[in-house]
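The structure under discussion appears below in the form of C-alpha cells.
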Amino acid sequence: MPALQLKSSTRLEEVIAPALRDQLPSYIKAEQITGQADINSVLEGGAELRRADTVIRADRVEYTVADDTVNAQGNVHINRGGNVYQGTALKLQVDAFQGNFTDATYQFLETQGHGNADRIEFIDRDNTIVYQATYTTCLRDDAASWTPDWVIRAKRIELDRVEDVGMAYGGTLEFKGVPIIPVPAMSFPLSDKRKSGLLPPTIGIDSVSGVEYSQPYYWNIAPNRDATITPTLMSKRGVSLGTEFRYLEPTYSGALDVELTPNDKLRDRDRWAYNWRHTTAVTTPIGGLGLNWNLNRVSDDNYWRDFSRMPGSNNSFGQSNQRLLSSDGHLSWSSGKHSVSLYAQKWQVLQDIDAPIAPPFNRMPQLQWRYNTDDWATKGWDVNVMAETTRFEADTWDGRKHQDNGQRSFGLLQVSRPVLLSGGFVTPKVQLHTSNYQFEDFSATRPRSKSFAIPTLSLDSGLVYERDTTLLGRGYMQTLEPRAFYTYTPYRDQSMVPLYDTALTDFNFGSIYSENSYTGRDRIADNHLLTIGVTTRYLKPEDGSEVARLGVAQRLRFEDQRVGLGYDALGKKGWSDILVGGGITWNSRWSTDGLVQYNRDTQRTARSSISARFTPGPYKTLSAAYRFQRENSLQIANQGSEQVDFGWQWPLNAGRKNAFGEATGGGRWYSVGRLNYSMYDKKLVDAIVGFEYDSCCWIGRVVVERMQNSRSDSNTRLLFQIEFVGLSRLSLGADPLRSLQEFVPGYRPLRDSTGTNMPSRFSNYD
C-alpha cells in the first residue's frame, strides 16, 4: 500500500486569491434563521456569517444575497484575516468590504496596533478611514481604569493596507496623558514596508557642536531607489545637510552619502564629506567584467574630531583608524583560466599634531594577473600562479614627493601536494617569490633597479588521535593533535627596498605555522626554523561541536634572522616564546578563552589575555576581558599596555508576569554598558553606561558615552531615546541604540524581532 501523500489545501492559505474568493460559499448559523432562499436571511441569537477569511458575528444579522450586504446590530464582531473590529452597528458589502461601522474598536494582527473610533468607514478591502479615533500598540489589560502609555488622538486616521501606512490628521501624540507632539498630519507604519515621509527627529547635545536638531526625510523613489535627506541645525556651527542616495539594478548597485556644512562658525570655513560605494558585475562575450569603487573624502584634518560620524560608515568617527581614509577602485576581467584586475588606491590622512600619522603609499595603479589552476586541484595538487605590477606614490610630511616612489613587479609560483592519511596529513610546499623594483630617486647606496628571486621550502605535518573519555561525568571524544611545521628561506639582502605595503605579523597560533613573518611583498624573511605544537580538543559525540580546546606551540630557529623592517627585533637562534592558548564552552551560557605568550629567557609573561562571557538568556549577557602586553615584548618597540574590559546587558527587576509566571518584558529595567580601563595609564579609556526601560509598548534609553580620541583628548555625549513600539523613535543626542550595538559585546536590542515570521491569520482565528 503506497504511503499517504499530503496535499495543499486552499482553506489554509494566508492570502486567498481573488479568483478563488469569488467561488467560495457563505456559511450562516444562528439560534433562529428566517428569510427566503437565495434572496435574504435574518439571523437572530448568536448570529454568524462566515466566508473565506472573514467572520461576522452579532446579536442580529440581516443578509441580502443580491447586493451581498450585511446589516448587523448588537455586539458586532468582525475578524478579517486576523484583524478584528467590534462595534454596535454595521452595514457592509461583504466581498467588496465596503461599508461603515459605528461605535467601534479595532486591532491589527501584524503590529498589535489598536484603538477606538466614533465611526469606521471601509472604503475597500485595503483602505479604511477611522473618524474621531485613537491608535496605540499598548496592550490592554483587564483593569477598568486602563489607559495606554502613548496614543495618537486624531480627527481622522486613514489606513492603507497596500502601502501599510497610516495617516493621522488633526490630532496629537500623547505620552502618559501629556500631549508631546502636535499631529496636523503624521504618518506611521503598519508594517516594516518602506514609505516616504518624515522620520523621527534627533535632538542632540554635544560638547563641541552645541545643541543639534536633525530632521530626516525618507524618499521612497522607486522599489530599487531611495534617498534620505537630513537637514541639521547646530547652535555653535550653523546648518548642515546630509543626503544618502541608494540604488539597486540587476547588474549594479551603490550608495552615495554626502554631508555639507557651509560656513562652519567654529572653523570659519565650508565643511564637507562624501562616500560613494558602487558595484558592477556583468557577463559579456569576452568574459565577466566587474567594476567597484569606494570613494571617501573630507574637507579638512579636523573633520574626524568635530563630527561624530563619517558618511558611509556605521561606526563612530572619533576613532584613530578612521583618520586614514581610503579611496579605491577595482576593474576586473575573467575568462577561462585567466583573470586580470586593475586596482587603484589613494589615501587621505587626517593629521593630528599630537598623534601624527605617516602617509601611506598610494597604488597608482596596480595590475594583477592570475592563472586558474582548478584542474590541478582535481589531481591532488594545490597550485597558485600570480603576477602583478604596482606603481607606488606618496608625499612626505612637508608635502614633497616621497624619495621612495617607484614601481614594483612581483610574481609568485606556489606548488604543494597535500597527502591525507587516515590519522593525519603531510603537506610539502615549494614557493618562488620574484620581484623587481624601479626607483625614481637612486644613488650610490641604492641603484635604479633591484631584482630578487627567493625560494621557500616548507613541510607541514600533523597527526590526529581520538579516544572516548569522560569529563565531569559526561562522555566526550578527545583528540590529540601534534603538529610539526618546517620552513626554509635563504637569505637575500632586501634592506635597500622600501616598505610599500609590508608590516610585521602578530605572533599567534595562525602566524606561528606560516612561512613568512611579514605581510605584503617587500620582505621575505630568511627563516630556517621548526615549529612544533600540540592541541587537544573535547568534542560532543552527538554533533562534533567543540567543548574545550588547549594548545601549545613553540618555534626552534636554527639560524639568526637577518632580514627585517629596520625597526623590528630580529629572531635569534634558539627557541622562541611559548604560546599557550585555549577555550572552554562550559555550556550554552558560559564560555572562556585565553592566550599566554611566555618568554623562557626572562621567565616572565610577555603577553596574555583572558576573556569570559556569561549569557543565560535573552537580554542577559556579561563579559569580562583582561589584556596585558609587557613593554618592548614585541619585535617592535612598544610602551606596553594593561587593560581590563567589562561589558553587560542585564535586567534589574523581574517585570510584570503573565498567566504562566513568565516575564513578558513590561515594566522591566535593564542596565547596559561597557568599561575599558587602562591599568598602565591609570585611567578610564572608553566608557558607555546606560539604562533601558521596557514598558511593553514603549522603550526608554538613557546612555552616557565617553570615547577617547587621543591620549589627551576625549569626547563625552549624553544620549536619550524613547521608542514607541510600532510607531517610531525619538532621540535626544545621537542614536544610543547604534552605540550600544557597536560597543557592548553580545548586546541585543529589546523587542528584537530578528528571525521572527509574520504572524499568521490563524493565530487569531475565529
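Readers should treat all values here as calculations from the given coordinates under stated rules, not as data from a laboratory. Here the structure is a predicted model, which means the values were calculated and not measured. Cβ: placed from backbone, ideal geometry, glycine included. Neighbour counts: every protein chain shown.
The figures follow:
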item: Charge context of Asn71, other residues only, Cβ under 13 angstrom, K/R +1, D/E -1; result: -3
item: All Cα pairs of segment 364-460, percent lying beyond 15 Å; result: 71
item: Protection proxy ranking, peptides 540-549, 691-700, average beta carbon neighbours within 10 Å, highest first; result: 691-700, 540-549
item: Residue order, fewest to most surrounding Cβ atoms within 10 angstrom, among Thr251, Thr536; result: Thr251, Thr536
item: Phi to ³J(HN,Hα) by Karplus 6.51 cos²θ - 1.76 cosθ + 1.60 over segment 38-51, Hz, x for Gly, Pro; result: 6, 10, 7, 9, 10, 10, 9, x, x, 5, 8, 10, 10, 8
item: Cα gyration tensor category, rounded, prolate or oblate, for segment 419-550 with a/c compared to 1.5; result: prolate
item: Relative exposure of Tyr567, Tyr500, judged by other C-beta atoms within 10 Å (fewest first); result: Tyr567, Tyr500
item: Simple Cβ-charge dipole of segment 25-197, Lys/Arg +1 and Asp/Glu -1, about Cα centre, in debye nearest 20; result: 380
item: Length added when fully stretched, Trp586-Ile123, from 0.36 nm per residue minus Cα-Cα; result: 160.8 nm
item: In sequence order, calculated HN-Hα J values of segment 458-468 (Karplus, 6.51, -1.76, 1.60; Hz; x Gly/Pro); result: 8, 9, 10, 8, x, 10, 10, 9, 10, 7, 8
item: Signed unit charges on C-beta, dipole axis of segment 25-197, positive-most listed residue Gly170, Gln73, Ile33; result: Gly170
item: Within the chain, helix-based [θ] at 222 nm, where runs of 4 or more DSSP H residues each add -39,500 (n - 2.57), nearest 500; result: -500 deg cm²/dmol
item: Whichever lysines have a C-alpha closer than 25 Å to that of Lys265, once near sequence neighbours (fewer than 8 apart) are set aside; result: Lys236
item: Spacing of the two label points (7 Å from each Cα toward its C-beta) at Gln32 and Glu542, in nm; result: 6.3
item: Other-chain or far-sequence residues with amide H under 5 Å of Arg562's (modelled H); result: Asp526
item: Compactness of segment 263-404 - radius of gyration and Dmax, Cα, Å; result: 19.9, 68
item: Out-of-range pairs (alpha-carbon distance over 29 Å; input Lys91/Lys155; Lys155/Lys195; Lys346/Lys573); result: Lys346/Lys573
item: Proximal lysines to Lys379, defined as alpha-carbon separation beneath 16 angstrom and excluding residues fewer than eight positions away on the same chain; result: Lys429
item: Over segment 25-197: Rg over Rh, Cα atoms, Kirkwood Rh; result: 1.02
item: Extension gain from Asp300 to Asp59, taking 0.36 nm per residue of separation minus the Cα-Cα distance; result: 79.4 nm
item: Charge dipole (debye, nearest 20) of the chain; +1 at Cβ of Lys and Arg, -1 at Cβ of Asp and Glu; result: 1960
item: Estimated dipole of segment 60-157 in Debye, rounded to 20 [Cβ of Lys and Arg +1, of Asp and Glu -1, Cα centre]; result: 240
item: Segment 86-182 - convex hull of the alpha-carbon atoms, volume per residue in Å³; result: 102
item: Simple spin-label estimate for Asp374 and Leu556 in nanometres, 7 Å along Cα-Cβ; result: 4.3
item: Cα radius of gyration and Dmax for the chain (Å); result: 34.1, 114
item: Hz values of 3J(HN,Hα) by residue in segment 439-455 - Karplus curve (6.51, -1.76, 1.60), Gly and Pro given as x; result: 9, 6, 9, 9, 8, 5, 8, 9, x, 5, 9, 8, 10, 9, 9, 10, x
